[in-house]
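Structure first, then comments.
Please treat every number below as a calculation from the coordinates, not as lab data. Every value quoted in this text rests on a predicted model; they were computed, and no experiment measured them. Because the Cβ atoms are built from the backbone with ideal geometry, glycine has one as well, and the counts that use them run over all protein chains shown.
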Amino acid sequence: MTHSRSPLRRRALATCALALTGALALTACGSSGSDGSGTSGRTRTVRTAMGDVKVPAAPKRVVVLDTAELDSAITLGVRPVGATHVASSSGFPSYLPEEEVDGIKDVGEMMNPNMEAIAALKPDLILTSKIRHAAKYDQLRQIAPTVMTESTGYPWKENFQVHAEALGKRAVAAKTVAAYRAHTEQVTAAVGGRAKAERTEVNVLRFIEGADIRLYGEQSYIATILKDVGLGRAPISAKAKDGFSYDLSPEKIDLADTDVIFRSTYGDPKKAKETRTVGSGLWKNMKAVKSGNVHTVDDELWIQGIGYTAADKILDELRADLTTKK
């Protein structure tokens with residue numbers, strides 16, 4: 001498939017005036033950046049989940065160890081020399097433009113990156129998170145300065161600012177944020193305005209191979225995008241454990257019923273209980289199903305992407321799905 005350059009980055013170019021204001025509001029640490037703020041030395045200090053880390057002023061050989069960091073790098077116009085893949089995939093997320101991931105070396109599965117492969121790339125910066133690779137931090141920092149955020153998913157916007165600071169791309173980050181805000185406003189208007197959006201209750205379900213069905217709560221990446229658009233959430237989303245997710249069995253899938261459902265699948269549909277669930281009477285009798293308001297979405301994009309490039313495409317899909325006449 002041939003992809004064009006990220007729509008978000010095209011929109012970002014059209015929001016420079018807003019971005020200049022946004023750039024002043026960023027809270028990233030360090031003495032300087034490499035795109036519009038000047039570089040007074042060869043390194044900058046970035047505040048990370050593992051303490052202050054000195055990074056190159058303008059890193060050239062970046063390795064990213066999760067999809068969020070890969071999305072951030074591509075969004076900011078940086079092509080990593082190496083990246084990991086998720087367990088269910090043999091490559092990088094398909095929503096990313098092929099020309100922008102072409103040539104990136106696969107350095108192993110996300111939770112078990114190949115240290116030798118990483119070292120062989122001679123990186124000058126590694127991006128990841130503490131929740132993923134805290135146990136490997138000492139090994140990683142022996143290879144290159146390693147910038148870790150505390151977690152991934154829900155705090156994606158804050159993490160993006162850390163990635164931007166580490167990559168020396170604060171000005172680009174400001175334009176990206178301004179473009180995203182403008183895009184969410186466009187989608188809100190398209191679905192009938194904020195009041196109507198709030199009356200539309202949405203659930204997001206993920207069928208996961210070898211696990212229960214996951215209903216996403218308020219403390220998740222996808223929930224932040226729904227909130228930014230102003231969409232309502234079904235009451236069950238508030239019952240999510242630690243705010244992240246509420247697990248369901250096929251026998252209780254009707255608890256997820258609401259106005260609109262977006263669903264994705266990670267792994268084999270049969271092993272993920274998807275086949276069994278969507279073929280059941282409980283599923284077929286749900287009002288979202290009967291009204292044609294269940295939308296199957298790409299798991300790599302909606303769940304694994306975790307970044308502004310993914311969010312931009314999700315917003316386009318939200319607009320299309322919520323404005324199509326039934």
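General observations
- Calculated P(r) of the stretch 191-323 - Cα pairs past 19 Å, %: 46
- Gain on full stretching of the segment that runs from LYS252 to GLU158 - 0.36 nm per residue minus C-alpha separation: 30.3 nm
- Computed from label points 7 Å out along Cα-Cβ, the spacing between ALA58 and THR45 is 2.4 nm.
- Kyte-Doolittle mean at least 0.0 and Cα axial length at least 20 Å: DSSP H helices in the chain: 170-190
- Cβ-based charge dipole, the stretch 234-326, positive-most Cα from SER280, LEU318, PRO235: SER280
- Normalised by 2.2 N^0.38 Å, where N counts its residues, the alpha-carbon radius of gyration of the stretch 113-229 equals 1.38.
- Among (i) 0.98; (ii) 0.94; (iii) 1.14, the entry that matches Rg/Rh (Cα atoms, Kirkwood Rh) as calculated here: (i)
- Residue order for TRP283, TRP302, fewest other beta carbons within 10 angstrom first, comes to TRP283, TRP302.
- Positive-end ranking of ALA134, VAL191, ASN114 along the dipole of the chain, with charges on Cβ about the Cα centre, is headed by VAL191.
- Most tightly packed first, judged by the mean number of other beta-carbon atoms within 10 Å of their residues, the peptides 235-246, 170-181, 61-72, 210-221 read 61-72, 170-181, 210-221, 235-246.
- Using a simple spin-label model with pseudo-atoms 7 Å out from Cα toward Cβ, GLU198 and GLN219 lie 2.5 nm apart.
- Packing order of peptides 126-133, 103-110, highest average first: 126-133, 103-110 (average count of other Cβ atoms within 10 Å over each peptide's residues).
- Using 0.36 nm per residue and subtracting the Cα-Cα separation, the extra length available between GLU209 and LYS290 on full extension is 26.6 nm.
- Straight-distance candidates among the lysines for linking to LYS313, with alpha-carbon spacing under 23 Å and chain neighbours fewer than 8 residues away dropped: LYS157, LYS169, LYS175, LYS196, LYS227, LYS325, LYS326.
- Hits among lysines - C-alpha to C-alpha of LYS105 under 16 Å, sequence gap 8 or more where chains match: LYS60, LYS122
- Ranked by how many other beta carbons lie within 10 Å on average, peptides 274-280, 287-293 from highest: 274-280, 287-293
- A crude spin-label estimate for the pair LYS227 and ASP106, with each label 7 Å from Cα along the Cβ direction, gives 3.5 nm.
- The HN-Hα couplings worked out from phi for the stretch 103-115 by the Karplus form 6.51 cos²θ - 1.76 cosθ + 1.60 (θ = phi - 60°) are x, 6, 7, 6, 9, x, 5, 3, 7, 9, x, 7, 4 Hz, whole numbers, x standing for Gly and Pro.
- Shape of the stretch 180-233, Cα gyration tensor, a/c cut at 1.5: prolate
- Considering only THR258, LEU248, ILE225, the residue lying farthest towards the positive end of the dipole of the stretch 191-323 is THR258, judged by Cα position with unit charges set on Cβ.
- Listed by chain and number, the aspartates and glutamates whose C-alpha is less than 17 Å from the C-alpha of LYS241, apart from same-chain residues fewer than 8 away, are ASP212, GLU218.
- A straight chain from ALA120 to THR275 at 0.36 nm per residue would run longer than the Cα-Cα distance by 51.5 nm.
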